[in-house]
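Quick one: the structure is below, questions incoming.
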Amino acid sequence: MSFTKAWELFQTYLPLFAYGIRITLFISLSGTIIGLLIGLVVGGIRAIKVEPRDSFLQSFCKRFAHALTSIYIEVFRGTPMIVQGMFLYHSLLKPVFGLNSVWAGVVIVSINTGAYMAEIIRAGIQSVDIGQSEAARSLGMTPMQSMTHIILPQAIKNAFPAMGNEFVVNIKDTSVLNVISVTELYFETAKIAGSIFRYAEPFFISAVLYFIMTFVTTRILRFIEKRLNHTASSYPTSQTVVEATVKGQL
Amino acid sequence: MVETILEIKDLEKSFGNLKVLRGINFSLRQSEVVCLIGASGSGKSTLLRCVNLLETPDGGQILFKGSDILSGAIDVNVHRQKIGMVFQQFNLFNNMNVLKNCMIGPMQVLKKSEAQAKEKALHFLNKVGMLDFAKASPLQISGGQKQRVAIARALCMDPEVLLFDEPTSALDPEIVDEVLSVIRDLAKEGLTMMIVTHEMAFARDVSDYVVFMDQGVICEAGKPEVLFTKPTQERTRAFLSRVLHH
Ligand SMILES: Nc1ncnc2c1ncn2[C@@H]1O[C@H](COP(=O)(O)OP(=O)(O)OP(=O)(O)O)[C@@H](O)[C@H]1O
Ligand SMILES: [Mg+2]
């Protein structure tokens with residue numbers, strides 16, 4: 001392993017590394033966002049309670065939806081993404097839907113992330129005290145209104161660090177998609193390494209690039225998190241200060 | 001004759017094996033104020049929560065203006081619009097400011113325009129003395145202020161009955177009065193209210209009649225001047241002497 005050689009290789013193969021980074025970021029970002037949407041729906045379903053007033057049909061549907069969502073979550077959290085990728089790509093995504101490997105990668109990461117996000121969202125929902133949803137219901141809001149206006153905004157804020165962490169994990173874990181030939185950073189690195197019969201230097205570069213991506217992402221997320229927690233709506237201040245500032249605003 | 005708003009007949013509720021309400025009979029007429037008193041665990045909160053269906057009773061009837069809300073024919077959400085509730089823990093929505101807390105119900109549930117909802121919210125915030133805090137977050141204000149906002153939020157829905165579950169129990173003693181005086185004003189204006197409270201002086205002063213609950217039944221009910229001075233039941237006497245001279 002020589003650093004000069006690594007630097008040389010980096011310059012020579014910059015376009016390939018850059019391309020790999022683009023694909024990695026594209027798949028991990030879109031997979032995280034779509035996964036979040038899946039997680040919102042699935043986590044929302046799991047937060048619906050079967051109530052004693054429900055009709056037989058209502059409680060049946062709720063139980064059925066709960067069963068489906070828990071199967072989804074258990075299966076996708078309980079098997080490795082590399083196996084999910086191979087299986088879904090060769091059984092469904094390529095032969096049935098005709099997706100190329102990059103789009104198949106987006107689908108796989110989305111579904112996988114969705115299973116984790118659902119649990120994160122559910123924990124976020126549970127972190128909002130039950131009193132607020134009772135208050136919403138006491139005003140006559142439907143469970144849906146209470147969820148969208150009161151509970152979810154707070155759940156998402158509380159769950160933001162965990163959701164951001166999923167993105168960071170995805171940046172690293174998209175590397176397993178090389179098994180279905182997705183041209184992300186690991187795949188590109190392996191391609192370069194194979195063509196020059198040297199492994200240490202290309203993978204050293206790769207490690208540095210992955211680290212930069214996750215490091216920068218973590219900092220950005222932390223910054224956003226701070227902003228979220230310092231908005232006027234949630235910053236606790238002492239009584240006297242508030243009285244003064246609030247009166248000043250009006 | 002004054003209209004009966006709420007009539008509760010043989011109401012029963014259990015949590016698992018625990019029978020919390022064991023046949024409650026009681027009615028509330030227009031503009032009446034009733035205070036529910038009783039030891040911890042006697043079922044006061046459960047009774048109150050049954051009235052707006054936050055708990056589903058196991059048996060009996062609750063007639064709201066003559067129609068049985070347990071029959072399954074009524075829309076729970078529509079019923080709850082007419083019954084306001086103020087909680088011990090305030091339960092303000094922490095993701096919106098004081099003003100929005102008061103506007104969300106009228107806008108989402110009653111489909112009022114933003115301007116109408118705002119006008120109403122400002123009116124009631126003014127009434128509870130919280131107008132200056134309209135832009136404040138619930139996390140920035142004191143407990144007494146939170147509870148006054150919670151009352152304004154409930155009033156914005158123009159409820160026909162307002163339920164209070166120990167509205168001052170989470171407050172420091174020196175700020176209890178700022179909340180109680182708001183409730184007193186509402187009583188004077190003729191709002192129909194059911195109030196669970198441990199503030200005996202307040203109960204005596206504000207209510208048309210007082211209900212003493214014990215172990216899931218109404219042990220004694222009557223005018224405050226009678227119930228507090230000449231209770232007929234031994235259990236009422238025991239309870240009152242415990243809370244009045246501790
Ligand atoms: N959701 C619930 N699940 C199980 N048990 C419950 C539930 N809610 C109340 N209980 C029980 O029912 C009994 C009556 O409770 P309730 O809250 O109605 O009493 P309370 O008169 O309001 O008492 P307090 O003065 O302490 O508020 C208590 O023993 C309580 O533990
Ligand atoms: Mg109680």
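The values are calculated or read from the model by the stated rules, or taken from the named source; none is laboratory data. Quantities reported herein were computed from a predicted structural model and do not represent experimental measurements. Here Cβ is always computed from backbone atoms with ideal geometry, including for glycine, and neighbour counts include all displayed protein chains.
Considering B:Ala170, B:Ala150, which residue is within 16 Å of ligand 1 (Cβ to nearest atom), more than 21 Å from B:Glu32 (Cβ to Cβ) and either touching a helix residue (DSSP H, G or I) at 6+ places or on another chain (Cβ under 8 Å) or modelled with pLDDT of 95 or more (or both)?
Exactly one residue qualifies, and that residue is B:Ala170.
For residues in region B:177-209 being more than 16 Å from ligand 2 (Cβ to nearest atom) and hydroxyl-bearing (Ser, Thr, Tyr), which is surrounded by the fewest Cβ atoms within 10 Å (Cβ to Cβ)?
Of everything passing the filter in region B:177-209, B:Ser181 is surrounded by the fewest Cβ atoms within 10 Å (Cβ to Cβ).
Also, quick follow-up: Just to be sure I understand the filter: pairs with C-beta atoms under 7 Å, separated by 6 or more residues or on different chains, first member in region B:66-92 and modelled with pLDDT of 90 or more, second member part of a loop (DSSP other than H, G, I, E, B) and small (Gly, Ala, Ser). Which pairs pass?
Listed by first residue and then by second, the contacts come to B:Asn77/A:Gly140; B:Val78/A:Gly140; B:Arg80/A:Gly140; B:Gln81/A:Gly140; B:Gln88/B:Ser169; B:Gln88/B:Ala170; B:Gln89/B:Ala170.
Same structure, new question: Anything in region B:127-146 that is within 12 Å of chain A (Cβ to nearest Cβ) and either part of a helix (DSSP H, G or I) or within 22 Å of B:Gln81 (Cβ to Cβ) (or both)? List them, or say none.
Of everything in region B:127-146, those that are within 12 Å of chain A (Cβ to nearest Cβ) and either part of a helix (DSSP H, G or I) or within 22 Å of B:Gln81 (Cβ to Cβ) (or both) turn out to be B:Leu131, B:Asp132, B:Phe133, B:Pro138, B:Leu139, B:Gln140, B:Gly143, B:Gly144, B:Gln145, B:Lys146.
Would you confirm, using the coordinates I've provided, whether B:Pro167 is of a type outside the set (Phe, Trp, Tyr), within 14 Å of the chain's Cα centre (by Cα), within 16 Å of ligand 2 (Cβ to nearest atom) and within 14 Å of another protein chain (Cβ to nearest Cβ)?
Yes.
Under 7 Å between Cβ atoms, which residue pairs at least 6 apart in sequence (or on different chains) link something in region B:25-53 that is closer than 19 Å to B:Ile74 by Cβ with a partner that is in a loop (DSSP other than H, G, I, E, B) and more than 7 Å from ligand 1 (Cβ to nearest atom)?
Listed by first residue and then by second, the contacts come to B:Arg49/B:Glu55; B:Cys50/B:Pro57; B:Leu53/B:Ile69.
Same structure again: What residue, of A:Gly105, A:Gly114, A:Gly131, is free of Cβ contacts under 8 Å to residues at least 60 places away in the same chain and assigned to a helix (DSSP H, G or I)?
A:Gly131 is the lone residue from the list that is free of Cβ contacts under 8 Å to residues at least 60 places away in the same chain and assigned to a helix (DSSP H, G or I).
If only one of B:Phe239, B:Phe212 is within 16 Å of ligand 2 (Cβ to nearest atom), surrounded by 14 or more Cβ atoms within 10 Å (Cβ to Cβ) and over 19 Å from the mean Cα position of the chain (by Cα), which one is it?
Residue meeting the stated conditions: B:Phe239.
Restricting to region B:12-42, what's the tally of residues that are more than 12 Å from ligand 1 (Cβ to nearest atom) and closer than 17 Å to B:Ala221 by Cβ?
10
Could you look through region A:176-214, keep only residues that are part of a loop (DSSP other than H, G, I, E, B) and under 29 Å from A:His90 (Cβ atoms), and pick out the one that is farthest from the chain's Cα centre (by Cα)?
A:Tyr199
Give me the pairs: first residue in region B:190-205 and within 14 Å of another protein chain (Cβ to nearest Cβ) and touching a residue at least 60 places away in the same chain (Cβ under 8 Å), second residue within 14 Å of ligand 2 (Cβ to nearest atom) and part of a helix (DSSP H, G or I), beta-carbon distance under 9 Å, and six or more apart or on different chains, which are they?
B:Met194/B:Leu47; B:Met194/B:Leu48; B:Met194/B:Val51
If you take the residues in region B:45-63 that are at the interface with chain A (Cβ under 10 Å from one of its Cβ atoms) and more than 13 Å from ligand 2 (Cβ to nearest atom), which one is farthest from the chain's Cα centre (by Cα)?
This residue is B:Asp58.
For residues that are part of a helix (DSSP H, G or I), away from chain A (no Cβ under 11 Å) and of a type outside the set (D, E, K, R), scanning just region B:147-164, find the one that is surrounded by the most Cβ atoms within 10 Å (Cβ to Cβ).
My answer is B:Gln147.
Every residue in region A:49-88 that is outside any helix (DSSP H, G or I) and either loosely packed, with under 12 Cβ neighbours inside 10 Å or of a type in the set (D, E, K, R) (or both), please.
If the condition is that a residue be outside any helix (DSSP H, G or I) and either loosely packed, with under 12 Cβ neighbours inside 10 Å or of a type in the set (D, E, K, R) (or both), then A:Lys49, A:Glu51, A:Pro52, A:Arg53, A:Asp54, A:Ser55, A:Pro80 are the ones that fit.
Condition check ((1) of a type outside the set (Gly, Ala, Ser); (2) farther than 22 Å from B:Leu155 by Cα; (3) surrounded by 20 or more Cβ atoms within 10 Å (Cβ to Cβ)) across all residues:
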{"position": "A:Arg122", "(1), (2), (3)": "yes, yes, yes"}
{"position": "A:Ser127", "(1), (2), (3)": "no, yes, no"}
{"position": "A:Pro143", "(1), (2), (3)": "yes, no, no"}
{"position": "A:Leu152", "(1), (2), (3)": "yes, yes, yes"}
{"position": "A:Pro161", "(1), (2), (3)": "yes, yes, no"}
{"position": "A:Gly164", "(1), (2), (3)": "no, yes, no"}
{"position": "A:Val169", "(1), (2), (3)": "yes, yes, no"}
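Hand me the list of strands (runs of 3 or more DSSP E) wholly inside region B:1-120 holding 2 or more residues that are basic (Lys, Arg) and surrounded by fewer than 19 Cβ atoms within 10 Å (Cβ to Cβ).
B:18-29
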